[in-house]
Amino acid sequence: MVIIECQGLSVTYPGGVQALKDVDLKIDDGEFVIVVGLSGAGKSTLLRTINRLVDPTGGRIKVDGRVINELSKKELKEYRSQVGMIFQNFNLVKRSSVLRNVLAGRLRGVPTWRTLLGLFPKEDVAEALSCLERVGIKEKAKSRADELSGGQQQRVGIARALAQDPKILLADEPVASLDPPTSHAVMKDLKRINEEDGITTIVNLHFIDLAKEYGEKIIGLREGKLVYEGLADEITEEEFEEIYGRSITAEDQLGAGGGANV
Amino acid sequence: MSEATSSKKPSRLVLIMGKIKGIIVIALIAAVYIWSARGVGFSLFEIIFELPSFFNLLWDMVPPNWAYFVRLIGPLLETFQTAITGTILGTLLAIPLILLAANNVNRNKPLYYVSKGFMNLARTIDPMLYAAILVAGVGLGAFAGMLALTFFSMAINAKLTSESLEAIDNGPLEALEACGGNKLEMIKYAVAPQIMPTFASYTLFVFEINIRASTVLGLVGAGGIGVNLNTSLNLFRYPNAAMVLLTTFVIVVLIDQLSNVLREELV
C-alpha cells in the first residue's frame with residue numbers, strides 16, 4: 001500500500017533556487033527508504049516538504065490518501081504530530097533534561113495549558129520513558145541533554161520522534177555528526193524500529209556503503225531531480241556515480257577512510 | 001612574479017596618499033572639536049580661574065554631615081523601591097516585546113518591524129527625560145520616577161534580549177514545529193530554556209543602571225535620594241550634599257558588586 005505519493009513535486013526557494021524539480025515518487029507503507037545525493041541535491045528539502053516545514057511550490061503530496069499541500073494551521077499541527085523527524089544536529093534543547101526533550105514528542109495529545117505548566121499526564125511521561133528505554137538510554141532521563149555523548153543525544157532525538165507515535169519517520173542526515181561505530185549503532189536502531197513497529201522510514205544519507213547496508217529501497221537525487229529509484233541490493237557503483245555525477249571516492253564511504261576525513 | 005613583488009612593496013605614491021589621508025582626518029576632527037568647544041564657551045582661562053572656587057566648594061563639603069544620614073534613610077529606601085518596581089514592571093512589559101521583536105519567534109513581518117521600531121524609539125529616550133516628562137504628567141514624586149524607569153527598563157531589556165534571542169540555536173524550534181507544537185509550546189520548550197540565563201543577566205544589568213538612575217531622578221523632581229542632593233546644593237548645605245554623594249557612591253558600588261556576582265553565577 002502506498003503511504004507517500006509525490007506528483008510533480010517542485011520547490012523553488014524565495015531566493016530563486018530550485019531545490020526540487022518535478023519529482024514523482026511513491027513510497028510503500030512500512031518501507032525503509034534511503035535518499036542519497038550530494039549536498040545541495042535536494043534531499044533535505046524533500047524530507048522537509050513531506051512534513052511541510054518547507055512548502056511545495058508545485059505539484060502535490062499525498063500522505064495516507066490525503067493531499068497535504070493545503071492544510072489549515074490546525075490540521076497541519078495534527079498531521080505533523082504523525083510524522084517524526086530526526087535531525088543531523090539532534091536539535092535538542094541542550095539545557096533541558098532528556099525526559100523534557102522527549103516529552104516534546106507528546107505535545108499534540110495534551111492540552112496546551114497542561115504543556116505550558118509542564119503538567120504532563122502520567123501516561124505520557126511513562127510513554128516518553130518507554131521510548132527512551134527502546135533506544136537504551138532510560139537511565140539518562142534526568143540528565144541534562146548536553147551532558148550526553150553525540151550518539152546518546154541522537155538517541156534522545158529518536159526517542160522524541162518515537163514519542164509522537166508516528167506513522168512516518170524522517171531522518172535528515174542522522175549520522176553525519178557521529179563517528180563510524182556510533183553511526184552504525186544509530187542506523188541499526190532506526191532499522192530495528194522500522195522492523196518492529198512497521199513505521200515507514202525515510203533516511204537521508206550521503207555515505208553509499210551505509211545506504212546499501214541498511215536501505216531497502218534507494219532513491220537518488222541530483223540537482224533536485226529524481227534520478228534513481230531501486231532496491232538497495234541491486235544498486236551498482238556505476239549507478240551511484242550517475243547519482244553523484246562524478247566518480248565515487250573514499251569520502252563517500254563511511255567504512256574505511258571516509259569517517260576519518262570528516 | 002612581477003605582480004607579487006609590486007604588491008609587497010607599495011609605491012611611493014600610495015605611501016604619500018596614505019599620509020595625506022591621515023592628515024585630512026586629523027584636521028577634520030580638530031575642526032569639529034574647535035567648533036563644538038566654541039559652542040559650549042570652553043576656555044582654558046576659565047578652568048584655571050575657577051579652580052580655586054571649585055576647591056573651596058570641595059573644602060566646604062568636608063567633613064560630611066554624618067548625622068544627616070538618619071534623614072537619608074527614608075529617601076534611600078524610596079530610591080531602592082523606585083529602582084525595584086521600575087525594573088520588575090519594565091521586565092514584565094519587555095517579555096511580549098522580546099518575543100515580538102525576534103524574527104525567529106515572530107514570523108509576522110509587519111508586526112516584527114512595528115515592535116522593533118517601537119522598541120528602538122522607546123530606547124532613544126534617556127530615563128531622566130522620561131522622568132522630566134512624567135513629572136509634568138503625573139506630578140512630582142517617586143511614582144513618576146518609577147514609571148520613567150519602567151519605560152526605560154522595558155526598552156533596553158527588550159532590545160538586548162531580543163537580539164540575543166535572534167542568535168539562539170533554531171534547531172530546537174524547528175524540532176518543536178516538526179512535532180506539531182504550537183507557538184506557545186515552542187516558546188516554553190525551545191525558546192525559554194535557551195534565553196532564560198541571558199534574560200536574567202540582562203535584567204540584573206538593567207537593575208544596576210536603574211539604581212544609578214534612581215539616585216539622580218530627584219534632580220528633576222522624580223523622588224529618591226536625588227531630591228536631598230538637589231535641596232542641599234540649592235541651600236548651600238554642602239556637608240549634607242557630601243553625605244548624599246557618599247551614600248550614593250557606597251550604595252551604587254555595593255549593588256554593582258552584588259549584581260556582578262549574581263550575573264557570573266548565571267552565565
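Go through A:237-249, A:170-182 and give me the packing order, highest mean Cβ count within 10 Å leading.
Working: A:237-249: 14.2, A:170-182: 20.4.
Answer by packing, highest mean first, reads A:170-182, A:237-249.
Can you check what the Kirkwood hydrodynamic radius comes to for segment A:150-227, Cα pairs only, in Å to one decimal? Each step should come with its number before you reach the end.
Details: mean 1/r = 0.0761 Å⁻¹.
For segment A:150-227, inverting the mean 1/r across all distinct Cα pairs yields 13.1 Å.
Under the rule of at least 5 residues apart or a separate chain, name every residue whose amide H is placed under 5 Å from the amide H of A:GLN88.
Residues meeting the amide H criterion: A:ASP172.
Using Cα centres only, tell me the gap between segment A:169-204 and segment A:1-19 in whole Å.
Cα centroid to Cα centroid, the span is 23 Å.
HN-Hα J couplings of segment B:183-191 from phi, Karplus 6.51/-1.76/1.60, θ = phi - 60°, integer Hz, Gly and Pro as x?
The phi angles translate into 4, 5, 5, 4, 5, 5, 9, 10, 8 Hz.
Looking only at other chains, what is the average number of their beta-carbon atoms within 10 angstrom of each beta-carbon in A:79-86? All intermediate terms of the calculation are to be shown ahead of the outcome.
Details: counts 1, 5, 4, 1, 3, 2, 5, 2.
Rounded to a whole number, the mean comes out at 3.
Once amide H atoms are placed 1.01 Å from N in the peptide plane, what residues at a sequence separation of 5 or more from A:ASN69, or on another chain, have their amide H within under 5 Å of its amide H?
A:ILE61
Restricting to chain A, compute how many DSSP beta bridges are antiparallel as a %, nearest 5.
Working: 21 of 39 bridges.
Approximately 55 percent, going by the DSSP bridge assignments.
For A:GLU147 and A:LEU119, calculate 0.36 nm times their separation in residues minus their Cα-Cα distance, and state this gained length in nm to one decimal. Show your work: numbers first, answer last.
Values: separation 28, 0.36 × 28 = 10.08 nm, distance 2.45 nm.
Gain on stretching A:GLU147 to A:LEU119: 7.6 nm.
In the protein assembly as shown, what % of DSSP beta bridges are antiparallel (nearest 5)?
Values: 21 of 39 bridges.
Antiparallel bridges make up about 55 percent of those DSSP assigns within the protein assembly as shown.
Need one number: the % of Cα-Cα pairs in chain A sitting beyond the 34 Å mark.
On the way: 5690 of 34191 pairs.
It works out to 17 percent of all Cα pairs.
HN-Hα J couplings of segment A:28-35 from phi, Karplus 6.51/-1.76/1.60, θ = phi - 60°, integer Hz, Gly and Pro as x?
Ordered by residue, 3J(HN,Hα) equals 7, 4, x, 6, 10, 10, 10, 9 Hz.
With the dipole of the protein assembly as shown worked out from charges on the C-beta (+1 for Lys and Arg, -1 for Asp and Glu) around the Cα centre, which of B:ALA222, A:GLN7, A:CYS131 lies farthest toward the positive end?
Result: B:ALA222, furthest along the dipole toward the positive end.
Would you please state which residues of segment B:80-101 a label at A:ASP55 would reach in this model, taking the label point 7 Å out along Cα→Cβ and a backbone N cut-off of under 15 Å?
Flagged as within label range: none.
Kindly provide the pair-distance distribution of the protein assembly as shown built from C-alpha pairs, with 10 Å bins from 0 and whole-percent values in order of increasing distance.
All Cα pairs, binned at 10 Å, distribute as 3, 14, 18, 17, 14, 12, 11, 7, 3, 0 percent.
Using a 10 Å cut-off around each Cβ, can you sort B:TYR238, B:TYR130 from fewest to most neighbouring Cβ atoms? Present the calculation step by step, with values, prior to reporting the outcome.
Values: B:TYR238 19, B:TYR130 24.
Lowest to highest Cβ neighbour count: B:TYR238, B:TYR130.
Starting with the fewest neighbours, write out A:HIS184, A:HIS206 ranked by other beta-carbon atoms found within 10 Å of each beta-carbon. Write out the running numbers ahead of the final one.
Working: A:HIS184 17, A:HIS206 21.
Exposure proxy ranking, most exposed first: A:HIS184, A:HIS206.
Is there a simple number for the mean count of other chain Cβ atoms within 10 Å of the Cβ of residues in A:43-56, and what is it?
Details: counts 0, 0, 0, 0, 1, 2, 0, 0, 4, 2, 3, 0, 0, 0.
Going residue by residue through A:43-56 and averaging, the value is 1.
Mind jotting down the distance between the C-alpha centroids of segment A:89-133 and segment B:220-265, whole Å?
Rounded to whole Å, the Cα centres lie 49 Å apart.
Using only the Cα atoms of segment B:69-266, each taken as one equal point scatterer with no solvent, compute I(q) by the Debye sum, divide by I(0), and report log10 of the ratio at q = 0.14 Å⁻¹.
Summing over Cα pairs of segment B:69-266 leads to -0.81.
For segment B:69-266, what relative contact order do you get, as a whole percent, if you take Cα pairs closer than 8 Å and at least 6 residues apart? Walk me through the numbers before you get to the answer.
On the way: 262 pairs, mean separation 56.0, N = 198.
Relative contact order, segment B:69-266: 28 percent.
Hey, rough spin-label estimate for A:SER72 and B:ASP126, points 7 angstrom out along Cα→Cβ, what's it come to in nanometres?
Those two pseudo-labels are separated by 5.5 nm.
If you put +1 on each Lys and Arg Cβ and -1 on each Asp and Glu Cβ, how big is the dipole of chain A around its Cα centre, in Debye rounded to 20? Walk me through the numbers on the way to the answer.
Values: 35 positive and 40 negative charges, 346 e Å.
For chain A, the charge dipole is close to 1660 debye.
Just the ratio, please: alpha-carbon radius of gyration of segment B:29-161 over 2.2 N^0.38 Å, N its number of residues.
On the way: Rg = 21.9 Å, N = 133, 2.2 N^0.38 = 14.1 Å.
Scaled against compact globular proteins, the figure is 1.55.
For A:GLU229, list long-range residues whose amide hydrogen, built 1.01 Å from N in the peptide plane, is under 5 Å from its own amide hydrogen.
Counting only residues 5 or more places away or on other chains, the set is A:GLY220.
Any idea what the dipole of chain B comes to, in debye rounded to 20, about its Cα centre with Lys/Arg Cβ at +1 and Asp/Glu Cβ at -1?
That gives a dipole near 840 debye.
Shielding of A:91-100 by partners, i.e. mean partner chain Cβ atoms within 10 Å per residue?
Across A:91-100, the average partner-chain Cβ count within 10 Å equals 5.
Using 0.36 nm times the number of residues separating B:TRP35 and B:ILE95, minus their current alpha carbon distance, what extension gain do you get?
17.2 nm
Taking only Cα atoms of segment A:90-157, what ratio of Rg to Rh do you get with Rh as the Kirkwood inverse-distance radius? Before the final figure, lay out each step's value.
On the way: Rg = 11.5 Å, Rh = 12.0 Å.
Radius of gyration relative to Kirkwood radius: 0.96.
Please state the charge dipole magnitude for segment B:133-190, taken about the Cα centre, from unit charges on C-beta atoms (+1 on K and R, -1 on D and E), reported in debye and rounded to the nearest 20. If you can, show how the numbers build up before the last one.
Values: 3 positive and 6 negative charges, 70 e Å.
So the dipole magnitude of segment B:133-190 works out to roughly 340 debye.
What are the membrane-span-like helices in chain B by this rule: whole DSSP H runs, Cα extent along the axis at least 20 Å, mean Kyte-Doolittle hydropathy at least 0.5? It would help to have the intermediate numbers written out before the result.
Numbers: long enough: B:12-39 (41 Å, 1.56); B:44-61 (25 Å, 1.11); B:69-100 (46 Å, 1.58); B:109-124 (23 Å, -0.22); B:142-165 (33 Å, 1.07); B:192-216 (36 Å, 0.73); B:238-266 (42 Å, 1.05).
The qualifying helices are B:12-39, B:44-61, B:69-100, B:142-165, B:192-216, B:238-266.
By average Cβ neighbour count within 10 Å, what is the ranking of B:23-36, A:186-199, A:12-25, B:184-197 from highest down? Could you put the intermediate results ahead of the total?
Values: B:23-36: 10.1, A:186-199: 17.4, A:12-25: 14.9, B:184-197: 19.5.
Per-residue mean Cβ counts within 10 Å order the peptides as B:184-197, A:186-199, A:12-25, B:23-36.
Bear in mind these aren't lab numbers, they're just calculated from the coordinates by the rules spelled out. Fair warning: this is a prediction, and the values are worked out from it, not measured in the lab. Methodologically, a virtual Cβ is constructed for each residue, glycine included, from the backbone with ideal geometry; neighbour enumeration extends over all protein chains shown.
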